[in-house]
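Q: Structure below; questions to follow.
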Amino acid sequence: MRKCSINAIDSVFAKIAESLALYLPVDGSDGKATYKKWENGVKWSNALNTVKSPKEFFFPQTEDMMEFKTSGKNIEIIDTREETEDFVIFGVRACDVRSFDILDRVFLTMPVDSYYASKREHSIIVSVACTKPSETCFCKAFGIDPAVPKGDVTVWKTETEIFFESNTAKGADLLSKIADLTEECDNAPVEEQKEKINKIMAKLPLADLKTEAFGGGKTEQYFDHPAWAELSESCLGCGTCTFVCPTCQCYDIKDFNTGNGVIRFRCWDSCMYSEFTRMAHGNNRLSQKERFR
């Protein structure tokens, strides 16, 4: 384990940015945090969560896939991808880190999504412990430990110091880059912080939330429950819930005629939309209640 003074964190960021693109949560003019590329003057946000999850680094909201050029009866297929740069996502919370496991199961199983896989290969995830969880947090219900978030490197932040621990070879390589700015240390302050975080989690309103109501064989039991009608009344069908969700991975593929060829791209889609997965025969989820359910 290594540490540095909290006042030295900008120097650490500058050192990382010398050889890697560095992204971290930054407060916007509206007071909400979003991931931005680090440069001199950019400050790491203290916000618990960002507006959108970091899934967009691997699964962008819109992404060109290929281009077609036609000449008579000949069609040229052009791979529009560029080699992905190595990059660091700094400050990822435990819940967002866990979401990558779910996305990996979708995009990295056969057939592997090469667009997603390339971005994952080039990334280094630096997670940060949640010292002040929200009242609505329920990560413990899913076996996620906010005091020990996963990632290539785990970070703990106190009032005066930043602690770093590598979990993978990628993480160890990253810490070697900042070795001159950090020092070896014991883990006593980190263990103390872990204990404090777990005490906070135990007192939260959703601390005893269980997931037994979900799973195999439960769908039919709750499918016609009257609560769906009441819950769906406030749903606008805007799809924002699925766009900000770190685990949603639905997308549509479209072709755009540029006038000089065709670009095929994919973009996020949402099961909240009335035309989601609509085919020639129509759609069997005609009401907002059905889509919400």
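What follows is calculated from the coordinates using simple rules that are stated; it is not laboratory data. Computed from a prediction, not measured in an experiment: that's the story for all the values here. Cβ sites come from the backbone with ideal geometry, for glycine too, and all protein chains shown count toward neighbours.
Q: Mind pulling the per residue volume of the convex hull built on the Cα atoms of the stretch 63-114? Å³ is fine.
A: Details: hull volume 5.6 nm³, N = 52.
Output value, Cα hull per residue: 107 Å³.
Q: Identify all aspartates and glutamates with a Cα-Cα distance to Lys119 below 17 Å; exclude those on the same chain that are fewer than 8 residues away in sequence.
A: Here the aspartates and glutamates satisfying the reach criterion relative to Lys119 are Glu56, Glu63, Asp64, Asp79, Glu82, Glu83, Glu85, Asp86, Asp96, Asp101, Asp104, Asp152.
Q: Here's a follow-up. So, in Å, what gap is there between the alpha-carbon centers of the stretch 229-278 and the stretch 1-60?
A: Spelled out, the Cα-based centre of one part sits 28 Å from the other.
Q: Counting only the backbone N, which residues of the stretch 238-282 are under 13 Å from the spot 7 Å out from the Cα of Thr80 toward its beta-carbon?
A: Backbone N within reach: 253-267.
Q: If I take all pairs of Cα atoms in the stretch 134-217, what percentage of them are more than 23 Å from each other? Don't jump to the answer; show the numbers that get you there.
A: Numbers: 1325 of 3486 pairs.
When every Cα pair of the stretch 134-217 is considered, 38 percent fall beyond 23 Å.
Q: Same structure, new question: For Cys235, enumerate residues with amide H under 5 Å from its amide H, sequence gap 5+ or separate chain, H modeled in the peptide plane.
A: So Cys235 has HN proximity to no qualifying residue.
Q: Report the Stokes-Einstein translational diffusion coefficient (µm² s⁻¹, integer) for the stretch 94-182, Rh taken as the Kirkwood radius over Cα pairs, at 10 °C with viscosity 1.306 mPa s. Walk me through the intermediate numbers first.
A: On the way: Rh = 14.6 Å.
The estimated diffusion coefficient comes to 109 µm²/s.
Q: Right, next: Mind scanning Lys3/Lys140; Lys15/Lys150; Lys15/Lys157; Lys52/Lys132 and naming the pairs with a C-alpha gap bigger than 21 Å? Present the calculation step by step, with values, prior to reporting the outcome.
A: Working: Lys3/Lys140 27 Å; Lys15/Lys150 23 Å; Lys15/Lys157 19 Å; Lys52/Lys132 19 Å.
Distance filter (> 21 Å) returns Lys3/Lys140; Lys15/Lys150.
Q: If you don't mind, there's one more thing I want to ask. Per residue and in Å³, how big is the convex hull formed by the alpha-carbon atoms of the chain? Please report the intermediate quantities before stating the final value.
A: Details: hull volume 56.6 nm³, N = 293.
Looking at the chain, the number lands at 193 Å³ per residue.
Q: Right, something else. Give the separation of the Cα centroids, the stretch 164-199 to the stretch 73-141, in Å.
A: 22 Å
Q: May I ask you to derive the relative contact order of the stretch 104-232, considering only C-alpha pairs under 8 Å and at least 6 residues apart, and to give it as an integer percent?
A: Working: 117 pairs, mean separation 32.2, N = 129.
Relative contact order, the stretch 104-232: 25 percent.
Q: Projected area of the stretch 173-293, taken from the Cα convex hull and averaged over every viewing direction, in nm²? If you can, show how the numbers build up before the last one.
A: On the way: hull surface 64.8 nm².
Averaged projected hull area, Cα only: 16.2 nm².
Q: If you average the sequence gap of Cα pairs under 8 Å that are 6 or more apart and divide by the length of the chain, what percent do you get for the contact order? Before the final figure, lay out the partial values.
A: Working: 466 pairs, mean separation 63.3, N = 293.
22 percent.
Q: Can you list the cysteines of the chain that have no other Cys Cβ under 4.7 Å away?
A: By the Cβ distance rule, which asks for a partner under 4.7 Å, the isolated cysteines are Cys4, Cys95, Cys130, Cys137, Cys139, Cys185, Cys235, Cys238, Cys241, Cys250, Cys267, Cys271.
Q: Under 10 Å, Cα contacts only: if you run a Gaussian network model on the chain, which one of Ile75, Ile102, Ile200 comes out with the highest mean-square fluctuation?
A: Ile75
Q: Then there's this: What are the ³J(HN,Hα) values, in whole Hz, obtained from phi via the Karplus relation 6.51 cos²θ - 1.76 cosθ + 1.60 with θ = phi - 60°, for each residue of the stretch 77-87 in sequence order, with x given for Gly and Pro?
A: 9, 10, 7, 8, 6, 10, 4, 6, 6, 5, 8
Q: Ordered by residue, what ³J(HN,Hα) values in Hz, to whole numbers, does the stretch 266-274 give under the Karplus form 6.51 cos²θ - 1.76 cosθ + 1.60, where θ = phi - 60° and Gly and Pro are x?
A: Values per residue, Gly and Pro as x: 10, 8, 4, 10, 9, 6, 7, 8, 5 Hz.
Q: Given 25 °C and 0.890 mPa s, compute D for the stretch 23-135 with the Stokes-Einstein relation, Rh being the Kirkwood radius over Cα pairs; round to the nearest whole µm²/s. Please report the intermediate quantities before stating the final value.
A: Values: Rh = 16.3 Å.
So the translational diffusion coefficient is about 151 µm²/s.
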